[in-house]
Amino acid sequence: MTTAAEPEAEERLRAAFEATIARNDRIEPRDWMPDAYRRTLVRQIAQHAHSEIIGMQPEGEWIGRAPSLRRKAILLAKVQDEAGHGLYLYSACETLGVSRAELTGLLLAGKQKYSSIFNYPTLSYADVGTIGWLVDGAAICNQVPLCRTSYGPYGRAMIRICKEESFHQRQGYELLMTMMRGTDAQRAMVQESVDRFWWPALMMFGPPDAESTNSARSMAWGVKRNSNDELRQRFVDMTVPQADALGVTLPDPDLRWNDERGHHDFGEPDWAEFAAVVRGDGPCNAQRLRHRQAAHDDGAWVREAASAFASRSAQAGAR
Amino acid sequence: MSDEHGGIFDGLIGAESAQWAFGTDFEDPLAGVDTTVPDGVDHTELAEYCLMLGDDALIMSQRLTEWCSRAPDLEEDIALANIALDLLGQARLLLARAAAADPGLLPALPEGSPVPAEDALAFFRDAGQFRNVRLAEVANGDFGHVVVRLLLFSVARLALLERLRASSDTVLAAVAAKGVKEVTYHRDWAARWFLTLAQGTEESCHRVVTALSALWPLQPELVATHPVELSLARAGVGVDPATTRGEVDAVLDQVLAVSGVARPDHPPLEGGGRTGTHTEDFADLLAEMQMVARAHPSGRW
C-alpha cells in the first residue's frame, strides 16, 4: 500500500520494487507497488477478464447448432473454459483491491474495454474453427509472454490459461482440417471464414509500436514483455505454414517470405477500422454489451436471493 | 524470442495426436466396449429403450446449453455447462448403443455420408421419432425455471440410474454407473438452489413456486411406465420407472418441506413424449439443433 508510507520509507519501498522488477522476480499482492503499476495491472487484467466473458458470446451462439454431438461437447467445454478464465482473472484483479462486481459495472458502463475481436460476428460453423485457430492463436502469442509477467497472481493465472488456450487452438485447427476433408461447400465455408477473420486477428496485437500509448511503461515494468509488432510478426510467421497445410489462402496479396529479414512481409491492417471498432462502432459492439447487460439484469434477483439466504443462514448459525 | 512456454506453439501441424490421452480423431463413443446384446433381449426394444434414456439426456442438455453466457453469475454459468456436458456425454453413449442394437432406426442419409450413427439419430430424426419426456423440451424460462426443471428431472433420473446399474446389459450398466455420480451432483445443485430461492427473497420465492406450478404437470411422465420399459425390466435389462415412484416422491417431499413450499396439486398433462407426442416448443428446439447438420447431410465435422 502506498498511502501510509513516509517519504523516506517510500523511497526504500520503491527501490525494493524496482530491484524485484530488475531481477525478473514476481511482485506479490502484499508487496508495495506504485499506484500507477497497480492501475495499469487492473486495467490490463480487467480488460482480459472482460474479453473472456464477452468472448463466450460469438462462439456460444453456435453451441445449440453444432452439427455433431462431439463438436457440441467440444464447443460447450471450450466456452465453459472461457468462463473459468474470466473467473481466475477477476480473482487476480481482486488481489489488487478491486471487486468483480465493480469491474462488471465498469464493463457495462463502457468504462473498461474488452478485445475488439469479439465485436465481429460469427456467421457459420467454420467460424468456430477459425476463432480457435486464428483468434486463440493470436491470443496465445500475446499471452504466453505474460506467463512471465511481473505480477505473480496474473502470471500464474496466465500459465493455466495458456495451456487451455493452446488446447482450444488445436481443436479449432482440427475442426477446420476435418471440414477441409469434407464437401466442397464445407471447404468454401472455411475459406470464407478465414477471409473474414484474418485481418481482425492481426489487429489483436494492437496498434503499431509507434502509436501504442501504453506500451513503453508496461514494458519497463515487466508487465508486458514483447512489443505489438514483434508479436504480430511472430504470429504471421507461425500461421503461414499452418494455412498451407490446411489448404486455405490468407487474404493478403502482400504476404510473402523475405529471405533477408528471415520473416514474412505482410500488408497493413486497416487501422481506421480498428479505431472504429475500439471506439464502439464495430459490427457487434452494441449487441455484445446488450447481451451481457441482459444476463446481468436477469440474474439480479437470483444474486439478491442468494445473499439474503446466506445472511439468514449465517444468522441462524450464530444463534 | 523463445521462452519456457514456447512449446505451446509446437505441434499444430504434423504432430502425433498420441500426445493427447485419447487422440484427437476418435469417432465411436463405444469404441472398445463389448456391445453384445444379452441373450433373449429383443434388439428393437433395447434400441427404443436406449432412445428414451438418450433423448431425455440430449434434449435436457440442449436446453441447458441455452443458458451458456446468460447465467446470473459466472459460477452458475460454469455449473450449468458442466451439467449439460454430463448429459450430453450420457446421450452420446445411449444413442450409439441404440443404433448398434437396431441399425434399422437410423434415418436415411445420402450414400457415402460420413455422418456417424449418434449424429444421424440426433440430427436427422423428426420430432415424432424422439422419445424424450416433455419436461426436457419445453422452452426455458427464468433461473427458477431451470432449477425446478433440473430438480424434477434429476431426482427421477438418479433413482432410475441407481437401479439400472444392475442391468444385465453391460453398456447400460456402465452408463448408469457413470451417470449416478454425475446426476447426484445435478440433483444436489438443483436442490440447493431450490432451497436458496425458496428461502431467499419474496420475489425469488414467488418465481420458484411459479416455475414449480408450471412444470409440475410434466413430472408424472418421468415415473410413468411405457410397455418397452416394462418388457425390458422383466428381462433384467431395464428399470420400470413406476418402481422408483416412492423414492422420487419422498425426495421431492423432503426438498419441498425443507424449503417451505407446498406440493402442487395440478393434474398430469395428457399424452407423452415416450410415444412421440411432443410440445410446440420442441419444433423450435429441433430447428435450432439440427439446422447446420441438415444443411450438410454429407458433411464431415
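Counting charges near A:Pro208 (Lys, Arg +1; Asp, Glu -1) among other residues having Cβ under 9 Å from its Cβ returns a value of -3.
Peptide packing for B:48-57, A:68-77, A:247-256, B:205-214 was compared via the average number of neighbouring C-beta atoms within 10 Å per residue; ordered from the highest value, the list is B:48-57, A:68-77, B:205-214, A:247-256.
Near A:Leu96: Cβ cut-off under 15 Å, other residues only, Lys/Arg at +1 and Asp/Glu at -1. The net charge is +2. Under 5 Å from the amide H of A:His263 lie the amide H atoms of A:Asn258, each residue being 5 or more positions distant or on a separate chain, with H modelled from the backbone and absent for Pro and chain starts. Rolling a 1.4 Å probe over the protein heavy atoms of the range B:159-265, with every protein chain left in place, gives an accessible area that is 56 percent carbon and sulfur. For chain A, with all protein chains in place and a probe radius of 1.4 Å, 53% of the accessible heavy-atom surface sits on carbon or sulfur. Using a simple spin-label model with pseudo-atoms 7 Å out from Cα toward Cβ, A:Glu304 and B:Ser213 lie 2.0 nm apart. Computed over the range B:109-213, the range of Cα coordinates on each principal axis works out to 59, 33, 20 Å, biggest value leading. Among the residues of the range B:192-208, those with an accessible-area drop of 40 Å² or more from chain alone to full protein complex, heavy atoms and 1.4 Å probe, are B:Thr196, B:Gln199, B:Gly200, B:Thr201. Would you look at the GNM of chain B, springs on alpha carbons closer than 10 Å, and say which of B:Arg157, B:Arg187, B:Arg70 moves the most? Greatest mean-square fluctuation among the candidates belongs to B:Arg70.
3J(HN,Hα) couplings calculated from phi for the range A:184-190 with the Karplus curve 6.51 cos²θ - 1.76 cosθ + 1.60 (θ = phi - 60°) are, in sequence order, 4, 4, 5, 4, 5, 5, 5 Hz; Gly and Pro show x.
Over the range B:230-294, the ratio between the Cα radius of gyration and 2.2 N^0.38 Å evaluates to 1.64. Eigen-decomposition of the gyration tensor built on the alpha-carbon atoms of chain B gives equivalent ellipsoid semi-axes of 32, 27, 19 angstrom, largest listed first. Working ranking of peptides B:77-84, B:147-154 by packing, defined as the average number of other Cβ atoms within 10 Å per residue, highest first, is B:147-154, B:77-84. Diffusion coefficient (Stokes-Einstein, Kirkwood radius over C-alpha pairs, 20 °C, 1.002 mPa s) for chain A: 100 µm²/s, rounded to a whole number.
Each stretch of four or more DSSP H residues adds -39500 (n - 2.57); spread over every residue of chain A, this sum gives -20500 deg cm²/dmol at 222 nm.
Largest first, the three principal axis extents of the alpha carbons in the range A:28-171 are 52, 31, 20 Å in whole numbers. Taking chain A as a Gaussian network, Cα atoms linked when under 10 Å apart, which of A:Arg39, A:Arg187, A:Arg232 shows the biggest mean-square fluctuation? Highest fluctuation of the listed residues: A:Arg39.
What separates the Cα centres of the range A:6-60 and the range B:224-301 is a distance of 51 Å. On full extension, the segment bounded by A:Glu11 and A:Asp259 gains 84.3 nm, given 0.36 nm per residue less the C-alpha separation. Working value for the range A:133-221: equivalent-ellipsoid semi-axes of 32, 18, 5 Å, each the square root of 5 times a Cα gyration tensor eigenvalue, largest first. For the range A:13-52, the normalised intensity computed at q = 0.35, 0.36 Å⁻¹ comes to -1.13, -1.15 (log10 of I(q)/I(0), Debye sum over alpha carbons, equal scatterers, no solvent). Over chain A, Cα pairs under 8 Å with separation of 6+ residues give a relative contact order of 17 percent. Computed over the alpha carbons of the protein assembly as shown, Rg followed by Dmax gives 26.7, 89 Å.
Taking every residue in B:73-83 and counting other chain Cβ atoms within 10 Å of its Cβ, the average works out to 6. Among A:277-283, B:293-299, sorting by the average number of other beta carbon atoms lying within 10 angstrom of each residue, highest first, gives B:293-299, A:277-283. Taking 7 Å steps out from each Cα toward its Cβ at A:Glu230 and A:Glu273 produces label points 2.8 nm apart.
Burial here means at least 50 square angstrom less accessible surface with every protein chain in place than with the chain by itself, probed at 1.4 Å; in the range A:59-92 the buried residues are A:Gly64, A:Arg65, A:Pro67, A:Leu69, A:Arg70, A:Lys72, A:Leu76, A:Gln80. For the range A:234-293, report the % of Cα-Cα distances exceeding 15 Å. So the pairs more than 15 Å apart make up 65 percent of the total in the range A:234-293.
Taking a point 7 Å from the Cα of B:Arg300 along the Cα-to-Cβ direction, the residues of the range A:147-190 with backbone N closer than 18 Å to it are A:171-190. Average accessible surface for the protein assembly as shown: 41 Å² per residue, computed with a 1.4 Å probe over protein heavy atoms with every protein chain in place.
The values are calculated or read from the model by the stated rules, or taken from the named source; none is laboratory data. Predicted model, so just to flag it, every value in this text is computed and none were measured. Please note: Cβ atoms are built from the backbone with ideal geometry, for glycine as well, and neighbour counts cover all protein chains shown. SASA here: full protein model, heavy atoms, side chains in, ligands and nucleic acids out. Shrake-Rupley method; radii C 1.70, N 1.55, O 1.52, S 1.80 Å.
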